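Down below is the structure, laid out as structure tokens.
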Amino acid sequence: MRILHVVTAFPRSPDDVIVPWLVELLKRLRAAGHEVEVFTSSYRGAPDQVVSGIPVHRFRYFPRRWERLTHEEAAPDRMKRALLYRVMAVCFVVAGMVAAWRLCRRQRYDVIHVHWPFPLALFGWAAQRARPAPLVTTFYGVELRWVKTAMPFFRGFLKWAARRSDRVVAISSYTADEVRELVPVPIEVIPYTTSLPTPEPRAGQRAAGMPFTVLFVGRLVERKGVSHLVDAVSLLLPAVDVRLVIVGDGPERARIEGRIREKGLDGRVAVRGRVSEAELQDAYAGADAFVLPAVVDRRGDTEGLGVVLLEAMNHRVPVIASAIGGITDIVEDGVSGLLVAPGDATALAAALERLARAPDLAAGLGGAGQRRLRERFSWDAITRRWAEIYAAAAARPR
């Protein structure tokens, strides 16, 4: 089957860090015998290319010097900064529709798969106008929350995008429920996952005298809730000898570092910024607990899934996370991790203390988390589900 994936942005080189899970999915679909291609935007004049063996069709939408609406930052964040980016967004949509139509006049695809339907459903529509093909649409959640909170006049657009799709897919049960609030259509739930190295066997209980090491990995943005984790660590002292390692960078870093100083935690919390892959794996291996303290941010956005939890589970690290968004698809409270109320530093501190004082519980949760990862979030299972979706879309009477 020949499938065209329509996306906002795609890696510009094999070592680009954009959407690694999507790159892995496409590589696995190719290995399963499907032909996959990508339709996406250019960046500063970048031409069509082949990335990791995947043909990438890029469309131009602005003069090279300013053509940077995507890739390095979310387009809505760019658009808040200057009128130029809002004008650029209009050019992006119009140029993308024209380019999608032209591509599908030249090429024939068995399925068009649109990721992030706001506004890319228009590209899928243009592609179908050029040459009819079944349409699969994936909702990730962020587009729904943008429309709900900032652009409610586009609710009708999202309803239209869902209704005209042959198959609608959401990355989590939470996102599926958000779609159903808009429009009553059948929805499949298929999560994404990540390529996980085979970890070294974990050591037993931490050595006497060693601090209880808590790890956070992710972009430092408001919806990750890292400031609440800092507060929880301060509440644990002096009852628990705790150390917090924060891996990641982002616009909230300065505020988080200020919170660390305010709480007197300079010797207890290390903000490491971005690290190499080897250093990241070492951080997981050295952690006694992993925390994703997600919240709903001022835009109404939260975790659509929380794939970083899977990385911790791969290392048998017990996880604690907020009971919010798509996280509850990954973490079963008391079975494969612990869930706490979002934004509740006291509850988070209590959960951390519970793991610190009950190493057998921590080990049991870590083992159960790894089993859940292998059973529900393996690449083999996810690739098989997508192949079934494409086959069903192609077989649907039109």
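Hey, could you check region 202-252 for residues that are at pLDDT below 95 and basic (Lys, Arg) and say which is surrounded by the most Cβ atoms within 10 Å (Cβ to Cβ)?
Looking at residues that are at pLDDT below 95 and basic (Lys, Arg), I get ARG223.
Under the condition of being surrounded by fewer than 16 Cβ atoms within 10 Å (Cβ to Cβ) and in contact (Cβ under 8 Å) with a residue 24 or more places away in the chain, which residue from region 254-269 is nearest to ARG219 (Cα to Cα)?
Per the stated criteria, the residue is ARG255.
Does PRO132 count as surrounded by fewer than 15 Cβ atoms within 10 Å (Cβ to Cβ) and either over 24 Å from VAL295 (Cβ atoms) or in contact (Cβ under 8 Å) with a residue 60 or more places away in the chain (or both)? Working first, answer last.
Values: surrounded by fewer than 15 Cβ atoms within 10 Å (Cβ to Cβ): yes; either over 24 Å from VAL295 (Cβ atoms) or in contact (Cβ under 8 Å) with a residue 60 or more places away in the chain (or both): yes.
Criteria met by PRO132.
Provide a single number: the residues in region 288-308 that are crowded, with 23+ Cβ neighbours inside 10 Å, among the aliphatic types (A, V, I, L, M) and at pLDDT 95 or above.
Final tally of qualifying residues: 4.
Given the options CYS104, CYS91, name the one that is of a type outside the set (D, E, K, R), in contact with a Phe, Trp or Tyr (Cβ under 6 Å, 6 or more places away or on another chain) and on the phi < 0 side of the Ramachandran plot.
CYS91
If you check LEU352 against the conditions, is it surrounded by 19 or more Cβ atoms within 10 Å (Cβ to Cβ), touching a Ser or Thr at 6+ places or on another chain (Cβ under 8 Å) and not assigned by TED's automatic domain parsing to the domain that holds LEU26?
The answer is no for LEU352.
So which residues in region 136-191 are surrounded by 16 or more Cβ atoms within 10 Å (Cβ to Cβ), among the small types (Gly, Ala, Ser) and without any contact (Cβ under 8 Å) to a residue 60 or more places away in the chain, if there are any at all?
Passing the criteria: ALA161, ALA162, SER165, ALA170, ALA176.
For region 105-119: of the residues being aromatic (Phe, Trp, Tyr) and in a loop (DSSP other than H, G, I, E, B), which is nearest to ALA176 (Cα to Cα)?
This residue is TRP116.
Go through region 55-67 and give me each residue that's farther than 18 Å from LEU120 by Cβ and either in a loop (DSSP other than H, G, I, E, B) or of a type in the set (A, V, I, L, M) (or both).
If the condition is that a residue be farther than 18 Å from LEU120 by Cβ and either in a loop (DSSP other than H, G, I, E, B) or of a type in the set (A, V, I, L, M) (or both), then PRO63 is the only one that fits.
If I filter region 309-323 down to residues being buried (at least 22 other Cβ atoms within 10 Å of the Cβ), of a type outside the set (Val, Ile, Thr) and part of a loop (DSSP other than H, G, I, E, B), which single residue comes out as modelled with the lowest pLDDT?
Here the residue is HIS315.
Residue by residue, here is whether (1) part of a helix (DSSP H, G or I); (2) of a type outside the set (Gly, Ala, Ser); (3) under 23 Å from THR194 (Cβ atoms) holds:
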residue	(1), (2), (3)
LEU4	no, yes, no
ALA9	no, no, yes
LEU25	yes, yes, yes
ALA46	no, no, no
LEU69	no, yes, no
ASP77	yes, yes, no
ALA121	yes, no, no
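Select the helices (runs of 4 or more DSSP H) contained entirely in region 324-398, then report the ones holding at least 1 residues which are free of Cβ contacts under 8 Å to residues at least 12 places away in the same chain and of a type outside the set (Ser, Thr, Tyr).
345-357, 359-376, 379-395
The values are calculated or read from the model by the stated rules, or taken from the named source; none is laboratory data. Treat the numbers as computed from the prediction; the structure is a model and nothing was measured. FYI the Cβ positions are ideal-geometry reconstructions off the backbone, even for glycines, and counts take in every protein chain you see.
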